[in-house]
Protein chains: 2
Amino acid sequence: MTAHTGSGLLAEVTRGKQVESRHLGRAVVVDADGSVVWSCGDVDAAVFPRSTVKSLLAIELVESGAADRLGLSDEALALACASHNGEEAHARVAASMLAAVGRDVAALECGTHWPTYEPAARALAAAHQSACPLHNNCSGKHAGLICLACDQGVDPVGYIDPAHEIQRRVTDVLASMTQTPHTDANRGTDGCSMPTYAVPLKALAHGFARFGSGVGLSSERAKATQRLREAVAAHPFMVAGTGRYDTTVMNNFETRAFIKMGAEGVMIAALPEQGLGFAIKTDDGANRAAEVAMSALLHHFGGESLCRTAKDHAIFAETKTQTLRNWQGVTVGEIRAALTI
Amino acid sequence: MTAHTGSGLLAEVTRGKQVESRHLGRAVVVDADGSVVWSCGDVDAAVFPRSTVKSLLAIELVESGAADRLGLSDEALALACASHNGEEAHARVAASMLAAVGRDVAALECGTHWPTYEPAARALAAAHQSACPLHNNCSGKHAGLICLACDQGVDPVGYIDPAHEIQRRVTDVLASMTQTPHTDANRGTDGCSMPTYAVPLKALAHGFARFGSGVGLSSERAKATQRLREAVAAHPFMVAGTGRYDTTVMNNFETRAFIKMGAEGVMIAALPEQGLGFAIKTDDGANRAAEVAMSALLHHFGGESLCRTAKDHAIFAETKTQTLRNWQGVTVGEIRAALTI
């Protein structure tokens, strides 16, 4: 009855003296030429990248000149790449993006959920307000597509449809960046109703090696990816929010590391100076395992050129072995990276 | 780099045409004599049972006569076995248990968290109230121990300590029911600060075969376990709450099935009429996989004596393959049992 997997051990969760849970998965580090530097498990198999590719979906907004014409701020560009907590600032910036093209919350087709950051949800409730699509963690991505459509003179209605002109344009960029066809055959639907296309994990990592380094991209595209990376580095809070892994790590490393989590345990990163791209998929969809594994990989492959200070090392030490505390604040175990690098 | 596991495939999560995530784990079905009827993976290895054993921890409250002397309601006994949502009724019944022994929320040593049922958390916030230990999902278990201590003339302060007289008494019952020594060597600390002792998965299942059937128990203990099962069957809402798996299934099957989820993907069940006990531990700690796997096992091994009506079958059909919908209500995939039974 033992299952055979094409995966390796990524992380362990302990309680007291015992390993209570463990996470298998696949992970790969690729250089800008597409050579595999390190891998674990079957990295040729396709995964849905989910929200990890939001920054790739935002390229056209910048490369087309729309962002400049509309005067979108760096905060807005960071939010276009975000899976945010639905905190007040996130909702406010999403609204400002829509206002830049004379639209409002009614234009969003992502659906509504309450802020995932619970204090923000409770603050809304305490003010006797309700959640709206601006609080959806994907509202910045959706607002970005609406901005692009309006700038290009395209009716944004139905922008989530795979056949919509704007959706086709950003999908073409995705296909180009990941060098993988995006067709009906590899399409699924994401939580926010946008399509998500399965791509090989290795191709996803290579896409982010290129996104980070600009290698192999046209000069216009390389400029656009640099602008997006700098916007995110300047406003890492916009990409996720209070207490979130991506925000914490990027807040420390600024333009030296680009990181993005996706649903179901997908995570990507780019180290622009090293020209490396990273991609992880946990078999079971657990984000907690992807976090500790990513910190172990970034710490190892970033080397001394990424970690220059004791604080730089400390960030990875704290995030590749995370202490688990109970409701009384007592340490009960830890979640720790368990990859063989 | 492929990991070898002592586990089998329990569940798959699909998106569009592709399996996006999958969950490995161990599972076992045991009869009241301790014979393994069916198993998947290494079921001799020890797991922390976490909240699955709350009903075993409540036995002494009934068997000692304390519950009767204190006039505890069936709702209160069900709450003593609960990992509840922190809804208003849960907090109210926990408070009533403490009041029965002249105590209040200050006696609880479980720590505070906001209701896990988000509408309940937002309702508290809208009323400008804060969460308190009554909303902790374990407050019923803690209130039960405080009731037992006060009835027995023992100072309840420090009841969460492994060396406290009341803790030792309920731990002795646990050890007896699971026929496994409970010592410093196999002890961890649970989220609510109580000890949790690792026991072989098979022993956990056997404990619940005995809990359900009474086989091998003294007549006093068998009466106590029957009372607890009947209390839970009469008030399945108290054990979990709105939208929860345990509540949904037990609400349908009443005394014919006893189910309890624990943290990190542990789940137990008993089918009293068949004399069977069930235990599942997902490797990765995912509860969603334990749910679909448990429904598949109960449906199969419960047979026609458990499922007597079309509705009975429908409950398992809906819970062993659960439809995944996105924020717009669109079906995007499913989570489904994938055990080989």
- Task: For the range A:199-220, enumerate the residues that are more than 25 Å from B:Gln18 (Cβ to Cβ) and part of a helix (DSSP H, G or I).
- Result: A:Gly212, A:Ser213, A:Ser219, A:Glu220
- Task: For B:Ala99, state whether it is surrounded by fewer than 18 Cβ atoms within 10 Å (Cβ to Cβ) and in contact with a Pro (Cβ under 7 Å, 6 or more places away or on another chain).
- Result: no
- Query: Across the range A:282-294, what is the number of residues that are touching a helix residue (DSSP H, G or I) at 6+ places or on another chain (Cβ under 6 Å), surrounded by 24 or more Cβ atoms within 10 Å (Cβ to Cβ) and either in a strand (DSSP E or B) or more than 9 Å from chain B (Cβ to nearest Cβ) (or both)?
  - Reply: 4
- Message: Take the conditions on the phi > 0 side of the Ramachandran plot, buried (at least 21 other Cβ atoms within 10 Å of the Cβ) and not β-branched (Val, Ile, Thr) and apply them to B:Gly140. Does it pass?
- Response: no
- Yes or no: A:Glu12 in contact with a Phe, Trp or Tyr (Cβ under 6 Å, 6 or more places away or on another chain), over 17 Å from A:Ala209 (Cβ atoms) and either open to solvent by 10 Å² or more (accessible area, probe 1.4 Å) or among the β-branched types (Val, Ile, Thr) (or both)? no
- Task: Test B:Ala82 against the stated conditions and say whether it is hydrophobic (A, V, I, L, M, F, W, C) and under 12 Å from B:Ala240 (Cα atoms).
- Result: yes
- Message: For the condition touching a Leu at 6+ places or on another chain (Cβ under 9 Å) and not in a strand (DSSP E or B), what is the one hit in B:Val249, B:Val332?
- Response: B:Val249
- Item | The one condition in (1) in a helix (DSSP H, G or I); (2) closer than 23 Å to B:Asp42 by Cα; (3) among the polar types (S, T, N, Q) that B:Thr180 fails to fulfil | (1)
- Query: Mind checking whether some residue in the range B:103-119 is within 14 Å of chain A (Cβ to nearest Cβ), over 25 Å from A:Pro119 (Cβ atoms), open to solvent by 40 Å² or more (accessible area, probe 1.4 Å) and under 23 Å from the mean Cα position of the chain (by Cα)?
  - Reply: no
- Message: Can you go through A:Arg169, A:Arg256, A:Arg221 and tell me which one is touching a helix residue (DSSP H, G or I) at 6+ places or on another chain (Cβ under 8 Å), touching a residue at least 24 places away in the same chain (Cβ under 8 Å) and more than 23 Å from A:Ala143 (Cβ to Cβ)?
- Response: A:Arg256
- Message: Quick check on A:Val170: is it within 30 Å of B:Ala121 (Cβ to Cβ) and among the β-branched types (Val, Ile, Thr)?
- Response: no
- Leading residue by the ranking (least open to solvent (accessible area, probe 1.4 Å)) among those in the range B:252-277 that are part of a helix (DSSP H, G or I) and in contact with a Ser or Thr (Cβ under 7 Å, 6 or more places away or on another chain): B:Gly265
- Take A:Val199 and decide whether it is within 14 Å of chain B (Cβ to nearest Cβ) and either in contact with a Ser or Thr (Cβ under 7 Å, 6 or more places away or on another chain) or modelled with pLDDT under 95 (or both). yes
- Message: Taking the conditions exactly as written (under 23 Å from B:Ala263 (Cα atoms) and away from every other protein chain (no Cβ under 11 Å)), does B:Ser35 satisfy them or not?
- Response: no
- The condition from (1) of a type in the set (A, V, I, L, M, F, W, C); (2) open to solvent by 30 Å² or more (accessible area, probe 1.4 Å); (3) part of a loop (DSSP other than H, G, I, E, B) that A:Val154 misses is numbered (2)
- Task: Restrict the check to the range A:66-79 and report whether at least one residue is at pLDDT below 95 and either within 9 Å of another protein chain (Cβ to nearest Cβ) or outside any strand (DSSP E or B) (or both).
- Result: no
- Message: Take the residues in the range A:220-250 that are over 13 Å from the mean Cα position of the chain (by Cα) and among the polar types (S, T, N, Q); name whichever of them is most open to solvent (accessible area, probe 1.4 Å).
- Response: A:Gln226
- Query: Within the range B:120-145, how many residues are more than 20 Å from the chain's Cα centre (by Cα) and assigned to a helix (DSSP H, G or I)?
  - Reply: 7
- Task: Give A:Gly86, A:Gly25 a once-over and let me know the one that is closer than 14 Å to A:Asp283 by Cα, more than 9 Å from chain B (Cβ to nearest Cβ), buried (at least 17 other Cβ atoms within 10 Å of the Cβ) and at pLDDT 95 or above.
- Result: A:Gly25
- Message: It is to be established whether one or more residues within the range B:298-306 are within 24 Å of B:Thr196 (Cβ to Cβ), hydrophobic (A, V, I, L, M, F, W, C) and crowded, with 17+ Cβ neighbours inside 10 Å.
- Response: no
- Only unsatisfied item for A:Gly41, checking (1) touching a residue at least 40 places away in the same chain (Cβ under 8 Å); (2) at positive phi, is (1)
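The values are calculated or read from the model by the stated rules, or taken from the named source; none is laboratory data. Computed from a prediction, not measured in an experiment: that's the story for all the values here. FYI the Cβ positions are ideal-geometry reconstructions off the backbone, even for glycines, and counts take in every protein chain you see. In case anyone asks, the SASA skips ligands and DNA or RNA and just uses the protein heavy atoms, side chains included. Shrake-Rupley method; radii C 1.70, N 1.55, O 1.52, S 1.80 Å.
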